[in-house]
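Below is one structure; the comments refer to it alone.
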Amino acid sequence: VPIEEQIEAIEWLHAQHDNLPRCFFSGRRSRANGNASNLLMDIGNENGDTSFTNNLVGVAGVGSAVFFQQLRPFSYHDWRSIKRFLSSECPLIRAYGAIRFDATANISPEWKAFGSFYFMVPQVEFDELEGSSMLAITIAWDNALSWTWDEAIHSLETTMQQIASVVVKLKKEASGESILSKTHVPNKTHWDLAVKKALQEINTSSSELVKVVLARSSRILTATNIDPIAWLACLQVEGEDAYQFCLQPPNGPAFVGNT
């Protein structure tokens with residue numbers, strides 16, 4: 001369904017409240033001059049259809065027409081399973097998700113809801129275009145997997161009953177949440193030592209390393225709940241030349257990023 005008005009995908013997603021699962025992706029764009037990147041080309045669109053994708057700014061999706069999740073590492077078989085539901089004849093149908101960086105390591109508590117990987121094809125997707133918007137639904141069924149057409153339709157109808165048609169402008173500014181506590185692992189002392197050791201290793205003449213990516217876990221407890229979509233909207237302002245994303249499965253936390 002075409003919409004003759006550019007509505008921000010993140011604001012549409014915020015209006016859907018807690019309709020899960022949900023996802024959001026936005027490409028790099030400079031909000032100073034309004035130029036948007038070709039989002040699908042950025043994330044690897046191999047369909048070759050550019051009639052729609054050239055002016056795609058961001059996408060938001062709720063509900064799951066079909067999803068893929070396993071505890072074991074992602075494999076070529078999994079890729080082929082996802083590929084079955086995608087087609088060059090229907091370039092609007094896309095799967096969104098994430099794969100663990102190291103599938104052999106123990107799963108951290110905040111990642112358990114995602115498994116080793118989690119991908120979803122949204123039931124209802126809102127596409128923000130340059131100057132307009134589009135609302136689309138996707139129905140997926142496979143009798144061989146005991147997911148019949150009737151079941152797919154019933155699931156879609158349930159999701160559609162929860163879709164809100166009123167979109168409210170988001171205030172893209174920090175609300176000043178009160179922080180009760182925060183912990184960092186490693187702490188600053190050990191972090192500084194890790195950086196120093198990495199630099200020493202890189203600068204060694206015999207080193208094969210040219211880049212080292214260090215990670216730190218920060219746990220922050222606030223006095224009130226933080227809306228992940230509203231927070232992501234604030235991050236958009238800070239990272240205008242970055243990718244933004246949100247992925248949240250049912251009964252799981254929101255995985256939010258601003259590159």
Exercise. Kindly express, to the nearest 10 degrees and within the range 0 to 90, the angle between helix 149-162's C-alpha long axis and the longest C-alpha principal axis of the chain.
Key: 70
Quiz item: So how tilted is helix 228-238 from the main axis of the chain? Cα-based, degrees 0 to 90, rounded to 10.
Solution: 60
Quiz item: Just how far, in whole angstrom, is segment 2-16 from segment 56-120 if you go by their alpha carbon centroids?
Solution: 24
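Which of the peptides 163-176, 212-225 is most tightly packed, and how do the rest follow, going by the mean number of other Cβ atoms within 10 Å of each residue?
Numbers: 163-176: 11.4, 212-225: 9.5.
My ranking of the peptides, most packed first, is 163-176, 212-225.
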Exercise. Can you bin segment 166-206 into rounded, prolate or oblate? Criterion: square roots of the alpha carbon gyration tensor eigenvalues sorted a ≥ b ≥ c, rounded for a/c under 1.5, prolate for a/b above b/c, oblate for the rest.
Key: oblate
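Classify segment 92-148: rounded, prolate or oblate, from the alpha-carbon gyration tensor (a ≥ b ≥ c, eigenvalue square roots; a/c under 1.5 rounded; otherwise prolate if a/b is larger than b/c)?
Numbers: a/c = 3.42, a/b = 1.45, b/c = 2.36.
It comes out oblate by the Cα gyration axes.
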Practice problem: Starting at the first residue of segment 117-131, write each ³J(HN,Hα) from the Karplus equation 6.51 cos²θ - 1.76 cosθ + 1.60 with θ = phi - 60°, in whole Hz, x for Gly and Pro. | Solution: 7, 8, 10, 9, 9, x, 6, 10, 10, 10, 10, 8, 10, 6, x
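Just the number please: accessible area per residue for the chain, 1.4 Å probe, all protein chains included, in Å².
Values: 15750 Å² over 259 residues.
For the chain, the solvent-accessible area averages 61 Å² per residue.
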Quiz item: Considering the dipole of the chain built from charges on the beta carbon (Lys and Arg +1, Asp and Glu -1) around the Cα centre, which of Ala174, Ala105, Gly239 is farthest to its positive end?
Solution: Ala105
Quiz item: Once amide H atoms are placed 1.01 Å from N in the peptide plane, what residues at a sequence separation of 5 or more from Gly58, or on another chain, have their amide H within under 5 Å of its amide H?
Solution: Glu128
Practice problem: Treat every Asp and Glu Cβ in segment 178-259 as -1 and every Lys and Arg Cβ as +1, leave all other atoms uncharged, and give the resulting dipole magnitude about the Cα centre to the nearest 20 debye. | Solution: 400
Quiz prompt | Over the chain: helical MRE at 222 nm, DSSP H runs n ≥ 4 each giving -39500 (n - 2.57), nearest 500 | solution = -7000 deg cm²/dmol
Quiz item: Shape of segment 67-185 from its Cα gyration tensor (a ≥ b ≥ c, root eigenvalues): rounded if a/c is under 1.5, otherwise prolate when a/b > b/c, or oblate?
Solution: oblate
Quiz item: Of the peptides 112-120, 145-153, 244-252, how do they stack up when ordered by the mean number of other Cβ atoms within 10 Å, highest first?
Solution: 112-120, 244-252, 145-153
Quiz item: How about Lys196: which lysines have a C-alpha closer than 25 Å to its C-alpha, ignoring those fewer than 8 places off in the same chain?
Solution: Lys182, Lys188, Lys211
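The values are calculated or read from the model by the stated rules, or taken from the named source; none is laboratory data. What you are looking at is a predicted structure, and each value in this text was computed from that prediction instead of being measured. Neighbour counts are summed over all protein chains in view; Cβ atoms, including those assigned to glycine, are modelled from backbone coordinates with ideal geometry. The accessibility values were calculated without ligands, DNA or RNA, using every heavy atom of the protein model including side chains. Shrake-Rupley method; radii C 1.70, N 1.55, O 1.52, S 1.80 Å.
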